[in-house]
Amino acid sequence: MTRKLALLGSTLCLALSAGSAGADDLPVRKAGLWEMKLVTSGSPVPEMTMQHCTDETVDKEMSNNVSPMAKQICAKQEIKKTATGYVSDSECSVAGVSTTSHAEITGDFNSAYTVKTTSHAQGGVAGAAGRDNTTKLQAKWLGACKPEQKPGDIVMPGGFKMNVRDMDKLKALLPK
């Protein structure tokens, strides 16, 4: 469970942030409602779909808030522009679980983008056997946010709703 939360936390941080520490920054996403489908191989919960209402201000705030949090838990976090998009490499540690990951990010950030991540986790309560995961996040722009939504709102499976501006709540999802 700890590994799943650590992986989910790091994947969400990468997927939701418009930029991060490193050589290059990801572009700001088009304002509006984004559907994000997260598919993880080898997980008891193989698929999760959420919606995120965003605007330029929220994406920039995510970059500014996620970057310091990533600096606390990641010894390495680099994003580089490539001919086809971006590549991100990171080495992070949360709750005794060390995770090394490589992500390939493609898309136009106006209508859709994809983040394909391979990671290796080591350590934690379950032991030091190590575990490899492959995660694919497919995001597509749906249009304007719903009338009851404000920028930053994320609707998770089961209707759980939070706002990314409440970073303390997001940090609380990660194990200590």
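Holding the Cα-Cα limit at 20 Å, pick out from LYS37/LYS80; LYS81/LYS116; LYS30/LYS140; LYS37/LYS116; LYS60/LYS150 the pairs that are longer than that. Table pairs above 20 Å Cα-Cα are LYS37/LYS80. Available extension along the chain between THR57 and HIS102 is 13.5 nm, counting 0.36 nm per residue and deducting the alpha carbon span.
Using the average count of surrounding beta-carbon atoms within 10 Å as a protection proxy, the listed peptides 145-152, 72-79 rank, highest first, as 72-79, 145-152. A simple rule links phi to the HN-Hα coupling: the Karplus curve 6.51 cos²θ - 1.76 cosθ + 1.60 with θ = phi - 60°, which for segment 146-163 gives 5, x, 7, 9, 10, x, x, 5, 10, 10, 8, x, x, x, 4, 10, 9, 10 Hz, with x for Gly and Pro.
Quick one: order THR135, THR84 from most to least accessible surface, probe 1.4 Å.
The ranking, largest first, comes out as THR84, THR135.
For the pair VAL39 and ASN163, label points projected 7 Å from Cα toward Cβ lie 3.4 nm apart.
A 1.4 Å probe over all protein chains sorts ASP89, ASP153 by accessible area into ASP89, ASP153, starting with the largest.
The values are calculated or read from the model by the stated rules, or taken from the named source; none is laboratory data. Keep in mind that what you see is a predicted model, and the values were worked out from it rather than measured. Neighbour counts run over all protein chains shown; Cβ positions are idealised from the backbone, glycine included. Just the protein is used for accessible areas: all its heavy atoms, side chains included, with ligands, DNA and RNA removed. Shrake-Rupley method; radii C 1.70, N 1.55, O 1.52, S 1.80 Å.
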